[in-house]
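All of the numbers you see were taken from the coordinates with simple rules; none came from a lab. As the structure is a prediction and not an experimental result, all values here were calculated from the model. Cβ coordinates were reconstructed from backbone atoms using ideal geometry, including for glycine residues, and neighbour counts include every protein chain displayed.
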């Protein structure tokens, strides 16, 4: 449950409460009359909700389905931009929870978890579904049933591609478009194995010229020119880079220029056999040496 709070003028707030209260009483009276009794008798009908509960439900119905007074849909059948707006929420729930195999909570995206029962109820009422296939190890979204990739997919592909995937093009991925290697309209899935970054120029070239492209395992793209020549030289960068122990770049990256005797002079390869100048503060300190020995540089 949650609280919805609006700060409004006192007169407006009192009017809102008055209308909701009278609507709640009208709902109760209508329910009693439906049971064949007169409201004056005071007998309860089939609706067991209290006045507060009915007011909350009416409030939610008015906000979710009503139209403001300035919208044409209030007074007629005219098209109204405000009345046509409908609330949307995004709920992510596991298949096992939907099947009732467990009671794990679902995620109301951008808010908080919701209980499994509410998630199953919403799933039964919804008119659209989006299947998310995730990696069971790290939870990465591998594929979705919609045209647009998810946020997790976009982040993964930016880290994988780095730039436009046409051979020789180095337009940064953040300024490129995500392309379905096999067009979505032709059945191509919105999956990591069927997506790649292309700049606008090469995206249009793929769509409207005889150039063709296939995506192979590992995200490798194989381009075929109009003359039949095949280009398979653009391989995505590995997700993790291993820097050799003692590499000068490693020392600069981990220590920073301020930690060196002369930050303007790079380490002299002649100082030590492995190319690393002697560092007294690293000798005999296994904990600090371990930090350098097992350093990984993820993209």
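Table for the structure above
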| quantity | calculated |
| --- | --- |
| Fewest-first ranking of 103, 125, 152, using other Cβ atoms within 10 Å as the exposure measure | 125, 103, 152 |
| Within segment 54-69, backbone nitrogen closer than 16 Å to the virtual label 7 Å beyond the Cα of residue 81 toward Cβ | 68-69 |
| Cβ-based exposure ranking for 211, 129, 223, in which fewest neighbours within 10 Å come first | 129, 211, 223 |
| Taking 46, 118, 97, 209 and counting other C-beta atoms within 10 Å, the order from fewest to most | 46, 209, 118, 97 |
| Stretchable slack from residue 151 to residue 170, in nm (0.36 nm times residue separation minus alpha-carbon distance) | 4.6 nm |
